[in-house]
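Undergrad: Take this structure first; my questions come after.
The values are calculated or read from the model by the stated rules, or taken from the named source; none is laboratory data. In this text the structure is predicted, and so the values were computed from the model without any measurement. Heads up, the Cβs are rebuilt from the backbone with ideal geometry, glycines too, and the neighbour counts pull from every protein chain shown.
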Amino acid sequence: MARLTRRLAMIAISLVALAACNKSTVGAPGPDDMTMGNPNAKVLVAEYASVACPHCAAFNNDIFPAFKAKYIDTGKVHYVMHEMLVGGQAEQALAAAGFLLARCAGKDKYFAVTDEIFHAQTAIFTSGDLRGGLWRIGQSLGMTEPQFNACIGDQAALKALNARVESAGKDGVNSTPTFIINGQKFEGEQTLATLDKAIADASK
């Protein structure tokens, strides 16, 4: 009886350890996800976002600079962007083309381009000229129009983007922005104070 009890206890411990291990992998970057910060940081902040999402733009424009300076630039947080395609046809079209453009710019410029798109998002939707808005950003990168057209029309890159979106969806995320901080989910725009607390808790 004592042996059986010990065996059941060991199984329970193993299951708890396995659950903890699985939980810690939620939000983790895949091989093609874009990241910033110290990959060995104790805290992983995963953001699921679309460059065509107004709430994501608000977070990027108003909160992210202070968050980046406080946590990413200091090596306290490893940040990963999970690309998402949400909303109607126009939103998904802008997001897909925007993410492709950011990747064409190269890994070192990826986040600078997504930042430009977030800041231009309102003007792009107001004008209704999605291509023109992105083309102006492409020009700022030194792209020729044929290069720009080839970038946003790259079917292999689009297929890879869709695969990343599908993979991100397996984490149980269906709205943007969503944040997962060491396995804990936060939906919607977050204040810096909320992130401060979540990161402090995750650092314990």
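Undergrad: Determine, yes or no, whether Asn61 is surrounded by 10 or more Cβ atoms within 10 Å (Cβ to Cβ) and modelled with pLDDT of 95 or more.
TA: yes
Undergrad: Right, Val80: out of contact with any Pro (no Cβ under 9 Å at 6 or more places or on another chain) and of a type in the set (A, V, I, L, M, F, W, C) or not?
TA: It is false that Val80 is out of contact with any Pro (no Cβ under 9 Å at 6 or more places or on another chain) and of a type in the set (A, V, I, L, M, F, W, C).
Undergrad: Right, another one. When you look at Asp154, is it of a type in the set (Asp, Glu), surrounded by 15 or more Cβ atoms within 10 Å (Cβ to Cβ) and modelled with pLDDT of 95 or more, yes or no?
TA: yes
Conditions (1) buried (at least 20 other Cβ atoms within 10 Å of the Cβ); (2) over 21 Å from Tyr48 (Cβ atoms), marked per residue:
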{"site": "Leu101", "(1), (2)": "yes, no"}
{"site": "Gly106", "(1), (2)": "no, yes"}
{"site": "Ser140", "(1), (2)": "no, yes"}
{"site": "Lys159", "(1), (2)": "no, no"}
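Undergrad: Does Asp73 satisfy being charged (D, E, K, R) and without any contact (Cβ under 8 Å) to a residue 40 or more places away in the chain?
TA: yes
Undergrad: Working only within the stretch 146-158, note down all residues that are in contact (Cβ under 8 Å) with a residue 12 or more places away in the chain and part of a loop (DSSP other than H, G, I, E, B).
TA: If the condition is that a residue be in contact (Cβ under 8 Å) with a residue 12 or more places away in the chain and part of a loop (DSSP other than H, G, I, E, B), then Asp154 is the only one that fits.
Undergrad: Only one of these conditions is not met by Ser175: (1) closer than 28 Å to Tyr79 by Cα; (2) in contact (Cβ under 8 Å) with a residue 12 or more places away in the chain; (3) part of a helix (DSSP H, G or I). Which number is it?
TA: Unmet for Ser175, out of (1) closer than 28 Å to Tyr79 by Cα; (2) in contact (Cβ under 8 Å) with a residue 12 or more places away in the chain; (3) part of a helix (DSSP H, G or I): (3).
Undergrad: If you don't mind, there's one more thing I want to ask. Scan the stretch 166-184 for residues that are at pLDDT below 95 and either of a type in the set (Ser, Thr, Tyr) or surrounded by 20 or more Cβ atoms within 10 Å (Cβ to Cβ) (or both) and jot them down.
TA: Those that are at pLDDT below 95 and either of a type in the set (Ser, Thr, Tyr) or surrounded by 20 or more Cβ atoms within 10 Å (Cβ to Cβ) (or both): Ser167, Ala168, Val173, Ser175.
Undergrad: For a quick check of your reading: which strands (runs of 3 or more DSSP E) sit entirely within the stretch 30-145 and have at least 3 residues that are hydrophobic (A, V, I, L, M, F, W, C), within 30 Å of Ser203 (Cβ to Cβ) and under 12 Å from the mean Cα position of the chain (by Cα)?
TA: Details: elements: 34-37, 43-49, 77-83.
Filter on the stretch 30-145 gives 43-49.
Undergrad: Would you pick out the residues in the stretch 178-200 that are part of a helix (DSSP H, G or I) and within 17 Å of Ile72 (Cβ to Cβ)?
TA: Result: Leu192, Thr194, Leu195, Asp196, Ala198, Ile199, Ala200.
Undergrad: Let me ask something additional. Might you check whether a residue that is on the phi > 0 side of the Ramachandran plot and touching a helix residue (DSSP H, G or I) at 6+ places or on another chain (Cβ under 6 Å) occurs anywhere in the stretch 180-194?
TA: Yes, the stretch 180-194 contains at least one residue that is on the phi > 0 side of the Ramachandran plot and touching a helix residue (DSSP H, G or I) at 6+ places or on another chain (Cβ under 6 Å).
Undergrad: A further question follows. Applying the selection to the stretch 73-90, what residues are in contact with a helix residue (DSSP H, G or I) (Cβ under 9 Å, 6 or more places away or on another chain) and either at positive phi or surrounded by fewer than 20 Cβ atoms within 10 Å (Cβ to Cβ) (or both)?
TA: Residues satisfying the conditions are Lys76, Val86, Gly87, Ala90.
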